[in-house]
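Each reported figure results from applying straightforward, stated rules to the coordinates on display, with no laboratory input. These figures come from a predicted structure and were not determined experimentally. Neighbour counts run over all protein chains shown; Cβ positions are idealised from the backbone, glycine included.
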Amino acid sequence: MEVRTTRTVDARVLRGLMESLLRAAGCGPETASTVANVFLEADLRGVGLQGLDHMHTMIDNLRHGRINPDGKPRVVKEGAAYALVDGETGPGQVAGAFAVDLATRKATTAGCCAVGVTNSSDVFMLGYYVERIARAGCVGLAFTDSPPLVRPFGGIERVLGTNPLAIAVPTAGDNPILLDMATSAQSGSRVRQAAYHDEDLPEADGVGPDGRPSIKAREILEGAIGPLGGHKGFGLAFCVGLLAGPLVGAATGKALSIWHQEGVAGPASKGHFFVAIDPAAFGDAAMFRRAVSASIEEVKGSRKAPGVCEIHVPGERAFAARERSLREGVPIYDAVWKKTAGLAASLGVQMPD
């Protein structure tokens, strides 16, 4: 097993690098800014597997026509409490931001709003979008599909995506409750990063390419990850895929395999499903936020297990990491930095000193 070594990069420098890579790959200034913002937020929060480390995925998709750098989301169908957005095969981050802002605006009038996105690409860090809803005062829910990396409960074949879901709830404090989780035992990105360093992942409940149980990250990448919590995670992943796929007219399952096949040309429609709920539709919004904060205090003040110093609620550690990264710099794995340097060279982009 290799040691994970890191370097620290100033957040502004990191954002500049991301935007330069995206511009060199064909994105316009506004699109590059939106996409880079999502990647940067992931790295700031210590979720680097959804940050700079995924830039190579984005660039490969742009190079091979799976993402249209000029694609702009547009509403193709809507009512008072719903809308369907066509992402025009553009960057998923642009379509995702457009969709959640639309859902929030409609929810403040209708009480609740569901927005589906079709003909899109990966939105990457799903929590970014529900946090955006929560900071506008609404409860946010998000579901998205992903290429098959996960075996069903009782199976050995890659049929399901890691199919994450995210929920954000506004509080009376500065930050919302923010849950962002894969429905697989480990996210595909965590397995990928573990493979960089030849690590074992027994918690991934994986199988190798021969279908036999394996704890080797590199073997699991060629085989399949297990579902989170056995049959429960399998059921959850399956349902998330239906919401983000067929419900909005997008693909699911094996039809999304093209997104993990580097060098293969041609788009495949990815879908996403967002919901915004205005607490004022059900009662006093301020009272709701205070009740949420009271629940947080109740949980954090409960009896702790031996050796536990603090109980954390969803999103708490990520927000603390963000503040630390802005103040002290962003930790980036050397393996990721080296990989990015190769990508930058292929695009004619100068790496920061």
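Below are the figures for this structure:
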| item | result |
| --- | --- |
| Summed residue charge, Cβ within 12 Å of Pro148's Cβ, Lys/Arg positive, Asp/Glu negative | +1 |
| Neighbour-count order for Arg7, Arg327, Arg45, Arg23, fewest beta carbons within 10 angstrom listed first | Arg327, Arg7, Arg23, Arg45 |
| Charge sum, other residues only, whose C-beta stays under 11 Å from Leu347's C-beta, Lys/Arg counted +1 and Asp/Glu -1 | +2 |
| Net charge over other residues, Cβ less than 15 angstrom from the Cβ of Thr171 (K, R count +1; D, E count -1) | -2 |
| Nearest-0.05 FRET efficiency for His197 and His64, computed from C-beta distance (R0 25 Å) | 0.35 |
| Spatial separation of Cα centroids for region 12-52 and region 291-353, in angstrom | 16 |
| Karplus-derived 3J(HN,Hα), 6.51/-1.76/1.60, for each residue of region 345-353, Hz, glycine and proline x | 4, 5, 9, x, 9, 7, 6, x, 5 |
| Cross-link partners of Lys254 among lysines (Cα-Cα below 23 Å; sequence separation of 8 or more within a chain) | Lys232, Lys270 |
| Gaussian network model of the chain, Cα within-10 Å springs - most flexible of Lys232, Lys72, Lys304 | Lys304 |
| Exposed-site-free run, longest, the chain (rule: GluC sites (Glu not before Pro); DSSP loop; at most 11 other C-beta within 10 Å) | 3-261 |
| Read-out semi-axes √(5λ) of the Cα gyration tensor in Å, derived from the coordinates shown; its label in (1) 29, 25, 23; (2) 36, 22, 18; (3) 33, 27, 19 | (1) |
| Label point distance in nm, Ala280-Glu222, each placed 7 Å from Cα along Cα→Cβ | 5.8 |
| Inter-label distance, nm, simple model (7 Å from Cα along the C-beta direction), Ser346/Glu30 | 3.0 |
| Cα-projected label distance for Asp334 with Asp210, points at 7 Å along beta-carbon direction, nm | 3.4 |
| Contact order normalised by residue count of the chain, Cα under 8 Å, 6+ apart, percent | 22 |
| Computed FRET value (nearest 0.05) for Lys77 with Arg317, which takes r as the C-beta separation and R₀ as 56 Å | 0.90 |
| Cut-off under 5 Å, modelled amide H: who pairs with Thr6 long-range | Asp334 |
